[in-house]
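Structure record follows, encoded as structure tokens.
The values are calculated or read from the model by the stated rules, or taken from the named source; none is laboratory data. Since this is a predicted model, take the numbers as computed values, not measurements. Counting neighbours? That spans all protein chains shown, and the Cβs are built from the backbone with ideal geometry, glycine included. With ligands, DNA and RNA removed, areas are computed over all heavy atoms of the protein, side chains included. Shrake-Rupley method; radii C 1.70, N 1.55, O 1.52, S 1.80 Å.
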Amino acid sequence: QIKNLEKQFEERIARDEKIEPKDWMPEKYRKTHIRQMSQHAHSEIVGMLPEGNWITRAPSLRRKVALLAKVQDEAGHGLYLYSATETLGISRDEMYEQLHTGKAKYSSIFNYPTVTWADMGAIGWLVDGAAIINQVPLCNTSYGPYARAMIRVCKEESFHQRQGYEIMMKLANGTPEQKEMAQDALNRWWWPSLMMLGPTDAESIHTEQSMKWKLKRKSNDDLRQQFIDQTVPQADLIGLTIPDPDLKWNEERQSYDFGDIDWDEFWQVVKGHGPMNKERMKARVGAWEVGEWVRDAAMAYADKKQERKEK
Ligand code: ACO
């Protein structure tokens, strides 16, 4: 019986049919989707913190409005993705619990500090740029609710990327100090942005199975190469230098060769020892605890409304 269901499931995947919440699915398919989707949701939520840090210090009203809108979008993406993950039979409380106890991961990139205004530019340009490259293929992923969520998310990410690049462009064309600030932000965010796309294919434990199930449509290394090839000309255009002495156009491959990534740093950050891991978790857990009365009040209000209805 199970074998038959599995066979039908594999055939549906092969036909590029979407799998929907009430459809039969292998337990491992369900679990790995909960893993990836919830980590994705957590990344959006934790991802609000590095930029939230600069909302009150944005250099103009226009910049403040754009940054505020972007951070709000990230909250939306997180909630959207939590809802999509709930369709796989895990509750939101369980997901929060996993994040707060360190059981679930979130993207390594958000464990780096945002020390100058130029970091808002670098994050939008590089981090959201890498996120788009990673997420556009996910619009075509096999699980329906995830694929549909990604369509809207990608549209918004594209606005985020452009607002970041515009900040960098302005700074790069500004005073020497402003240009230096932009270059410094690029120097600090470049390598972590490459790491964000995940370990090398050889080290990636989930890629093979996730590609078979069409959860992942492109491998980590392919996405990384695409990101580099897309971003290098953008840096050239605004006169900034990618901090990689080994970066070189490869005529034969029609792609850039690039230097070694410090994977020790990546795993340190993933394991919780990055520069800001502790602060990020403290902020999230703190917000959860401080918000308890709001949740309680909302529940009490809902109960009261229900009671009135029943009378
Ligand atoms: N940060 C933290 N952990 C990571 C990262 C990263 N950048 N990349 C990989 N890992 C973890 C994986 O979660 C996995 O650990 P787990 O088994 O505990 O889940 C382990 O390292 C091995 O990696 P892979 O086998 O390559 O994992 P996977 O196939 O899930 O690929 C990837 C990782 C590319 C991030 C994938 O999960 C994905 O595409 N996720 C959806 C997009 C996403 O989450 N983006 C987050 C940032 S985008 C944004 O919020 C702006």
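Residue count for the stretch 233-256 under the criterion of being within 25 Å of the chain's Cα centre (by Cα) and in a strand (DSSP E or B): the result is 2.
I'd like to know if the stretch 157-180 contains one or more residues that are assigned to a helix (DSSP H, G or I) and in contact with a Ser or Thr (Cβ under 7 Å, 6 or more places away or on another chain). Looking for residues that are assigned to a helix (DSSP H, G or I) and in contact with a Ser or Thr (Cβ under 7 Å, 6 or more places away or on another chain), one finds none in the stretch 157-180, hence no. Considering the stretch 14-48, the residues that are part of a helix (DSSP H, G or I) and open to solvent by 50 Å² or more (accessible area, probe 1.4 Å) include one that is farthest from the ligand (Cβ to nearest atom), namely Ala14.
Of all the criteria given as (1) buried (at least 18 other Cβ atoms within 10 Å of the Cβ); (2) free of Cβ contacts under 8 Å to residues at least 24 places away in the same chain; (3) within 15 Å of the ligand (Cβ to nearest atom), the one not satisfied by Glu86 is (3). Would you say Asp184 is within 9 Å of the ligand (Cβ to nearest atom), acidic (Asp, Glu) and at pLDDT 95 or above? Here the answer is no, as Asp184 does not meet what is asked. Checking each residue in the stretch 158-193 for being without any contact (Cβ under 8 Å) to a residue 60 or more places away in the chain and open to solvent by less than 10 Å² (accessible area, probe 1.4 Å) picks out only Gly164. Here Ile55 passes the criteria (1) surrounded by 19 or more Cβ atoms within 10 Å (Cβ to Cβ); (2) touching a Leu at 6+ places or on another chain (Cβ under 7 Å); (3) among the hydrophobic types (A, V, I, L, M, F, W, C) except the one numbered (1).
Restricting the search to the stretch 210-220, which residues are near the ligand (Cβ under 10 Å from one of its atoms) and of a type outside the set (Lys, Arg)? Before the answer, list the steps.
We begin by selecting, within the stretch 210-220, every residue near the ligand (Cβ under 10 Å from one of its atoms); these are 210-211, 215-220.
If the condition is that a residue be near the ligand (Cβ under 10 Å from one of its atoms) and of a type outside the set (Lys, Arg), then Ser210, Met211, Leu215, Ser219, Asn220 are the ones that fit.
Go over the candidates Ile238, Ile261, Ile242 one by one and state the one that is within 16 Å of the ligand (Cβ to nearest atom) and either β-branched (Val, Ile, Thr) or open to solvent by 90 Å² or more (accessible area, probe 1.4 Å) (or both). First the steps, then the outcome.
Values: Ile238 fails: within 16 Å of the ligand (Cβ to nearest atom); Ile242 fails: within 16 Å of the ligand (Cβ to nearest atom).
Checking each option against the conditions leaves just Ile261.
Taking every residue in the stretch 133-157 that is over 17 Å from Ser83 (Cα atoms) and open to solvent by 50 Å² or more (accessible area, probe 1.4 Å) and pairing it with any residue that is among the hydrophobic types (A, V, I, L, M, F, W, C) and assigned to a helix (DSSP H, G or I), at least 6 positions away or on another chain, the pairs with Cβ-Cβ distances below 9 Å are Asn134/Met196; Asn134/Leu223; Asn134/Phe227; Val136/Met150; Val136/Cys154; Asn140/Ala147; Asn140/Met150. Picking from residues in the stretch 97-115 that are of a type outside the set (D, E, K, R) and part of a helix (DSSP H, G or I), the one that is farthest from Pro275 (Cα to Cα) is Gln98. Counting only residues that are outside any helix (DSSP H, G or I) and under 17 Å from Tyr96 (Cα atoms), the stretch 276-311 holds 1 of them.
Residues being assigned to a helix (DSSP H, G or I) and of a type in the set (D, E, K, R): count how many of those fall in the stretch 206-232.
Taking the stretch 206-232 and keeping what is assigned to a helix (DSSP H, G or I), we get 207-212, 220-232.
Next, from what is left, pick out any that are of a type in the set (D, E, K, R): 208, 212, 221-222, 224, 229.
The qualifying residues number 6.
Of the listed requirements (1) open to solvent by 40 Å² or more (accessible area, probe 1.4 Å); (2) more than 26 Å from Arg188 (Cα to Cα); (3) touching a helix residue (DSSP H, G or I) at 6+ places or on another chain (Cβ under 9 Å); (4) away from the ligand (no atom under 16 Å from the Cβ), Tyr80 misses just one: (4). Quick check on Asp73: is it at pLDDT 95 or above and within 15 Å of the chain's Cα centre (by Cα)? Criteria met by Asp73.
Residue pairs whose Cβ atoms lie under 8 Å apart, separated by 6 or more positions or on different chains, with the first residue in the stretch 194-209 and more than 6 Å from the ligand (Cβ to nearest atom) and of a type in the set (Asp, Glu) and the second open to solvent by less than 20 Å² (accessible area, probe 1.4 Å) and in a helix (DSSP H, G or I), are Asp201/Thr207; Asp201/Asn220.
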